[in-house]
Structure formats: C-alpha cells, structure tokens
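Below is one structure, written out as structure tokens; comments come after it.
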Amino acid sequence: MNIIICDDNLEFLKSFKKMLITLDVQYNLNLKIFSYSNTETLINKLTSLNEEFILFLDIEFENESKNGIQVINNFIDGSKMCGDLYYLTNYPNFVFDSFNTHPENYILKPLTIDNLCRILLKAVRNISEKKNKKFIECRSVNSIDSINIQINKIVYIELISSPKRIIKIVTSKNLFLIHGRLNHYAKILEKYKFVQVYRSFIVNLNYIHHFSSNKIIPRVL
C-alpha cells in the first residue's frame with residue numbers, strides 16, 4: 001500500500017513517517033512510504049502513480065502561493081485520483097473549503113500514534129474494499145446495453161469466436177457472453193492477477209490451483 005505524506009513542517013513529517021513505520025511493522029501492512037515537504041514534488045508523484053494510495057496532505061504551506069486544498073482542486077480538475085485523501089490541519093474551519101476535493105477525513109494536529117493507528121487501519125481497509133469491488137464494463141451479446149462485471153468475481157475468460165469477437169466470461173456465480181477482444185481484457189486485468197495462459201484463455205490466479213501446458217485445475221469454489 002502506497003502512503004504519501006506532504007507537509008512543510010519537517011519535524012512533523014519526520015515524526016509522522018516514524019509512526020507509520022512503527023505501525024507497518026506492528027500490523028504487517030507492507031507500506032511504501034513517500035514523504036514530501038512541498039506540493040510541486042507531491043503533484044509529480046501523483047501524476048506518475050498508477051496504483052491506489054492514501055494521501056495525508058497538510059492544508060497550510062507557509063512558502064507557497066496555494067494551500068493544500070487549492071493544489072488538489074487544480075490537480076483533480078484535469079486528472080483522476082486513484083487514492084484516498086486525508087487533510088492535516090491545526091484549524092477545523094478549513095473543512096467547508098474542501099468539499100470539492102472529497103476528502104475521506106480531517107486529521108487535527110498534533111497527531112498521536114493511537115489516533116494515526118485508528119485512521120490508518122480504517123484507510124487501508126477502505127482501499128482494499130474498493131479494490132475488490134472494481135468492475136469492468138462489457139457489451140453483452142444478447143443486449144445493446146452494457147453490463148458491469150465485478151473483477152474479483154471473474155474466474156476465467158475464454159475466446160469463443162475470434163471473427164465475431166465473442167468472449168465468454170465465467171464468474172463464481174454466472175456466465176456472460178460479451179463482444180470484445182481477448183487481448184484488450186488481458187491488458188486491463190493483468191494488474192489484478194489475471195494471466196493469459198493459452199491463446200484463448202485468461203485466468204484469475206486467485207481461483208486457479210494449478211495450470212500446465214494442456215490443462216487448468218481450478219480451486220474448489
């Protein structure tokens with residue numbers, strides 16, 4: 001899990017990072033921690049990061065023309081954030097200024113490790129739940145309407161007809177026939193532990209017990 005902290009108070013930044021490392025070891029969270037003292041380097045990181053993250057962002061930056069709320073407002077105006085935002089502040093009156101940036105919560109300073117523990121564990125759980133509930137949009141063979149299929153429920157995808165671009169998606173409970181290209185879904189799903197094992201099959205490794213050159217053995221569902 002990627003954790004990003006941005007605060008111009010270097011002592012606070014150091015203390016925050018130290019608490020995160022302590023909690024990471026205690027709860028085995030496998031955190032990747034990135035800390036920044038200015039918003040320019042923060043935005044560079046957000047622009048290049050394609051994975052889920054939790055961002056802890058100070059609101060007031062003493063030597064910058066914009067505060068944290070304005071910086072995030074400008075960023076999400078042209079980009080899509082794939083993470084959860086938590087504002088750090090000494091002043092709760094900033095709350096109403098930040099509605100457009102959709103923060104998860106506000107954290108009042110000074111911050112104790114007990115408060116951070118409660119906030120962090122909930123934040124990690126929220127990100128995990130969102131990740132498990134991601135969907136892909138598909139065009140059904142039997143309807144002109146699109147259907148949304150939950151990614152973590154997909155067991156495998158099979159190419160039925162290449163000329164007609166018909167694909168079968170098998171989930172833990174249903175079967176769907178859709179239009180599309182197999183390599184398109186292979187590219188979308190590779191970051192979710194899906195692998196194209198044969199020319200016409202993509203499998204979800206979370207559901208596969210074993211596969212070889214000529215057979216696939218699924219886990220018991």
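The values are calculated or read from the model by the stated rules, or taken from the named source; none is laboratory data. Note that the structure is a prediction, hence the values are computed from the model and not measured. Please note: Cβ atoms are built from the backbone with ideal geometry, for glycine as well, and neighbour counts cover all protein chains shown.
Side notes on the structure shown:
- In the stretch 158-195, residue farthest from ILE208 (Cα to Cα) [restricted to those that are surrounded by 17 or more Cβ atoms within 10 Å (Cβ to Cβ) and under 23 Å from the mean Cα position of the chain (by Cα)]: TYR185
- Residue check, ARG199 over 27 Å from the mean Cα position of the chain (by Cα), at positive phi and in contact (Cβ under 8 Å) with a residue 12 or more places away in the chain: no
- Extreme residue, modelled with the highest pLDDT, among residues of the stretch 206-218 that are under 21 Å from LYS173 (Cα atoms), surrounded by 12 or more Cβ atoms within 10 Å (Cβ to Cβ) and in contact with a strand residue (DSSP E or B) (Cβ under 7 Å, 6 or more places away or on another chain): TYR207
- Test result for CYS138, closer than 30 Å to LYS193 by Cα, at pLDDT 85 or above and part of a strand (DSSP E or B): yes
- Listing of helices (runs of 4 or more DSSP H) fully contained in the stretch 1-106 that carry 1 or more residues being surrounded by 16 or more Cβ atoms within 10 Å (Cβ to Cβ) and at pLDDT below 90: 68-78
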